[in-house]
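The values are calculated or read from the model by the stated rules, or taken from the named source; none is laboratory data. Owing to the predicted nature of the structure, the values given are computational and were not obtained by experimental measurement. For neighbour counting, all protein chains shown are included, and Cβ atoms are generated from backbone atoms with ideal geometry for every residue, glycine included.
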Amino acid sequence: MAFESLTDKFQNIFQGLKKKGKLSEADVKAAMKEVKMALLEADVNFKVVKQFVEAVRERSIGQEVMESLTPGQHVIKIVQEEMVRLMGAEKTDLSFSPKPPTVFMMVGLQGAGKTTTCAKLAGLLKKQGKKPLLAACDIYRPAAIKQLQVVGGQLGIPVFSMGDQHDPVDISKAAVAHGVQNHHDVVILDTAGRLHIDEAMMEELVAIKEQIGPQEVLLVVDAMTGQDAVNVAETFNGKIGIDGVILTKLDGDTRGGAALSVRAVTQKPIKFACVGEKLTDIEVFHPQRMTSRILGMGDVLTLIEKAQESMDGKKAAEMEQKLRKAEFTFEDFLDQMQQIKKMGSLSDLMGMIPGMGQQMKNVEFDEKELSKVESIILSMTKAERSDPDLLTPSRKKRIAAGSGNSLQDVNRLVKQYEASKKMMKQMGGMMKGKKGKKGMF
Ligand code: GDP
């Protein structure tokens, strides 16, 4: 699960802080030392860690925190706020040219996921009502053109190509002209990558940028490479000038170093995060939501959005209401699990449910696990399903026997359900406060 180890460490540090009635300067110092270690182990850039810890420490030893009745909570809030700030505070939208087509030039090293991401981005824009064109400008990597045609085809998005015998600058120009002729409002250039940064690649990219004048140059980097991704971003920004970063393979990134450092090091925003191999596995990068996920506080907003995408409108509205009021029952829980299967990687989605990631991290989410949950819930009476408070030990025993599971299985499910319900109540309160605010649903 993404950021697993960092989330674990923060949870432990926070537990320690919450236990203390009053915090001394020494307590804060000790906690900050742990935060520092956790971030360094997560492969966050050294300078970024230093600045982050210093900012949190300075605010945490302020009078307001020290004299507060819940200083631990205060410090946690400061960590959260500083982390949001580190990743850019607010989400950064793509900009579009007043005179279409808007050209997005995608750059990055080979294997980072550039071609896949071109298609994902085109798919996302298509969903928003745009008419994108993909352009195959990578003439070096064998099969790159074919790959773009395949993924474009899967999404019903046209792909412009001139084979591999033309100059990439000429291909880019022809692609834009083709875009104008065919009334495309967005042209996405899939440029060539290399295994490592080399001068010839950089020169070619600079030439395309100069000749085409794209609205945005978007750098695709592999989050799993941690600080390497940050170094790549720094180099590309220095040599070509980038407008934003797209982080890929966040689903496999257990550390989080790239997500936490890229913005601070390059001063360029992370615009999107890719979280899987499917062409729909792309999300707008929200610093606040990412912070919640990293700190183990869940990400209900993204979960709701994903649900809205894969459910019909009525069901989604019902779920939103239930989450807001924290009224959801075991039946909804089961319904969700079934829906979630449609939405993507189960363990990553579980990480978005407050309180779930931590408890479920060792559970392999496969068909078997889902049918276990299903059998337990189906063995409950209707009343039990909608009012979990009815679940006395003897009823749990009956449910375990009836569903062919152990009592521990039942207890675990109830615990998970209760933890997420509790956290949802808190999140529900937070969401109510933010209702109507731009950027929320
Ligand atoms: P390119 O060389 O940069 O064009 O990279 P590709 O688009 O060919 O992707 C390289 C590999 O990474 C492929 O196997 C992709 O399926 C995979 N990939 C791309 N993005 C993601 C992602 O967000 N998550 C995961 N798990 N795999 C990804």
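Odds and ends about this structure:
- Failed item, numbered, when Lys126 is tested on (1) more than 16 Å from Lys271 (Cβ to Cβ); (2) touching a residue at least 40 places away in the same chain (Cβ under 8 Å); (3) under 24 Å from the mean Cα position of the chain (by Cα): (2)
- Test: residue in region 191-199 that is touching a residue at least 12 places away in the same chain (Cβ under 8 Å), outside any loop (DSSP other than H, G, I, E, B), in the same structural domain as Ile270 (by TED's automatic domain parsing) and buried (at least 16 other Cβ atoms within 10 Å of the Cβ): no
- Subset of region 231-254 that is touching a strand residue (DSSP E or B) at 6+ places or on another chain (Cβ under 7 Å) and assigned to a helix (DSSP H, G or I) - its residue that is farthest from Cys274 (Cα to Cα): Phe236
- A residue that is among the basic types (Lys, Arg) and within 16 Å of the ligand (Cβ to nearest atom) can be found somewhere in region 102-117.
Okay, residues lined up against (1) of a type outside the set (A, V, I, L, M); (2) modelled with pLDDT under 75:
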| site | (1), (2) |
| --- | --- |
| Arg324 | yes, yes |
| Met350 | no, yes |
| Ser379 | yes, no |
| Ser386 | yes, no |
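- Hits in region 241-275 (condition: surrounded by fewer than 19 Cβ atoms within 10 Å (Cβ to Cβ) and within 16 Å of the ligand (Cβ to nearest atom)): Gly252, Thr254
- Evaluation of Cys137 against the conditions (1) within 12 Å of the ligand (Cβ to nearest atom); (2) of a type outside the set (Asp, Glu); (3) surrounded by fewer than 17 Cβ atoms within 10 Å (Cβ to Cβ) shows that the sole unmet condition is (3).
- Candidate set: region 205-230, residues that are assigned to a helix (DSSP H, G or I), of a type outside the set (A, V, I, L, M) and at pLDDT 95 or above; chosen: the one nearest to the ligand (Cβ to nearest atom): Lys209
- Residue in region 157-170 that is away from the ligand (no atom under 14 Å from the Cβ) and in contact with a Phe, Trp or Tyr (Cβ under 6 Å, 6 or more places away or on another chain) present: no
- Complete set of residues in region 1-28 that are more than 22 Å from Val275 (Cβ to Cβ) and in contact with a Lys or Arg (Cβ under 7 Å, 6 or more places away or on another chain): Asp27, Val28
- Selection of region 213-249 for residues being among the polar types (S, T, N, Q) and closer than 22 Å to Pro100 by Cα yields only Gln215.
- Residue within region 355-364 that is at pLDDT 65 or above and among the acidic types (Asp, Glu) present: no
- One residue stands out in region 125-149 among those that are small (Gly, Ala, Ser) and touching a helix residue (DSSP H, G or I) at 6+ places or on another chain (Cβ under 7 Å): the one that is farthest from Asp164 (Cα to Cα), namely Ala135.
- Per-region count, region 276-298, residues of a type outside the set (D, E, K, R), part of a loop (DSSP other than H, G, I, E, B) and near the ligand (Cβ under 10 Å from one of its atoms): 2
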